[in-house]
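The values are calculated or read from the model by the stated rules, or taken from the named source; none is laboratory data. Owing to the predicted nature of the structure, the values given are computational and were not obtained by experimental measurement. A quick note on method: Cβ atoms are made from the backbone with ideal geometry, for glycine too, and the neighbour counts reach across all protein chains shown.
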Amino acid sequence: MPSSRADERAATASQALRASQWEPAIPEGTRRWACDALQRFPRGLLTDIDGTLSPIAPTPDQARLYRGIRPLLRRCLDAFDVVAAISGRPALDARRLIGLPQMTYVGNHGMELLAPRARIPAIAGEARAFEGAIADALHEARARLSGHEGGLLFENKGVTASIHYRLASDPEATRAAIRRALDPLARRRQLRITEGRMVIEIRPRVDLDKGTSVRALVERHALACALYLGDDRTDVDAFRALRQLRAEGVSLGIAVAVSHAEAPAALLAAADITLASVAEVPRFLRWVLGVLQPA
Ligand SMILES: [Mg+2]
């Protein structure tokens, strides 16, 4: 049956609207699949913070949300059943940076959970047992690196610790020096060393990371759809968890990589959608909100 003139007009208007709006640069099949997944309930928006919602700053304290992000996250709180930030920062620090107490915050790479409006985070008991060992390892590493040139920032976050070397004049040599100092200390204390963007992390040897956090949130809230945004190596664990949950038929996860000059190949390889930079994140969230609440 031929379509009516009204239908044709509606189709033309919708095409014109789409042409005027920003859309992620993805194949049509992926776009349709993502739009369909986003219609499922309950749905969650899970996101990393540094390098994803905020441009990387010289020090963690100087990080600020990219312009326009906070009001968009507020709108996402209405459009999604769960909105959670999953970060290497302590959960309270993550909430301070985002400034929305209605959100859920998973801090210290999955070892802390700060529920909406909660006063203090719940800390995984098995991780807490390592707090003393982490403080000792950080202290000793600092002493060993005291002869090193400046530009190092030591951060004790309780159940994890970080050594930032972004401000070092020769980051690659500094990275190697930190590993030389830290690796034997960590081995002796049953600690794990992981790396991110100009940061080396000291973590307890427990099975908790951004991947286990994503799985826990999806299962706790029975999320039929989970959208995850991240920019770094530790986010690959989250992407893999989404893929596994999809394979198990538990949830449709959409993995969104926020790219940058040194984006890890594993992150880009595991992503369903890749955004060019943090600057594209507000446009992407606006597009997602448009898909969820068509005008
Ligand atoms: Mg990040």
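Values as computed for the structure displayed
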read-out: Scope segment 55-84; condition touching a residue at least 60 places away in the same chain (Cβ under 8 Å), under 29 Å from residue 202 (Cα atoms) and loosely packed, with under 14 Cβ neighbours inside 10 Å; matching residues; value: 58, 59
read-out: Selection within segment 255-280 - part of a helix (DSSP H, G or I) and more than 13 Å from residue 232 (Cβ to Cβ); value: 269, 280
read-out: Where a residue in segment 176-199 is away from the ligand (no atom under 16 Å from the Cβ) and its partner, wherever it lies, is not aliphatic (A, V, I, L, M), with Cβ under 6 Å and at least six apart; value: 177/148; 181/144; 185/140; 190/205; 192/203; 192/205
read-out: The listed residue being at positive phi and either basic (Lys, Arg) or surrounded by fewer than 19 Cβ atoms within 10 Å (Cβ to Cβ) (or both), out of 110, 125, 99; value: 99
read-out: Flag if residue 77 is outside any helix (DSSP H, G or I), on the phi < 0 side of the Ramachandran plot and modelled with pLDDT of 95 or more; value: no
read-out: Residues of segment 188-235 classified as in contact with a strand residue (DSSP E or B) (Cβ under 8 Å, 6 or more places away or on another chain), crowded, with 20+ Cβ neighbours inside 10 Å and assigned to a helix (DSSP H, G or I), total; value: 7
read-out: Among (1) touching a residue at least 60 places away in the same chain (Cβ under 8 Å); (2) within 16 Å of the ligand (Cβ to nearest atom); (3) among the hydroxyl-bearing types (Ser, Thr, Tyr), the one test that residue 87 misses; value: (1)
read-out: Residue check, residue 261 within 16 Å of the ligand (Cβ to nearest atom) and out of contact with any helix residue (DSSP H, G or I) (no Cβ under 9 Å at 6 or more places or on another chain); value: yes
read-out: Number of positions in segment 149-187 that are of a type in the set (Ser, Thr, Tyr) and outside any loop (DSSP other than H, G, I, E, B); value: 2
read-out: Some residue of segment 216-232 being closer than 26 Å to residue 163 by Cα, more than 14 Å from the ligand (Cβ to nearest atom) and either of a type outside the set (Val, Ile, Thr) or at pLDDT 95 or above (or both); value: no
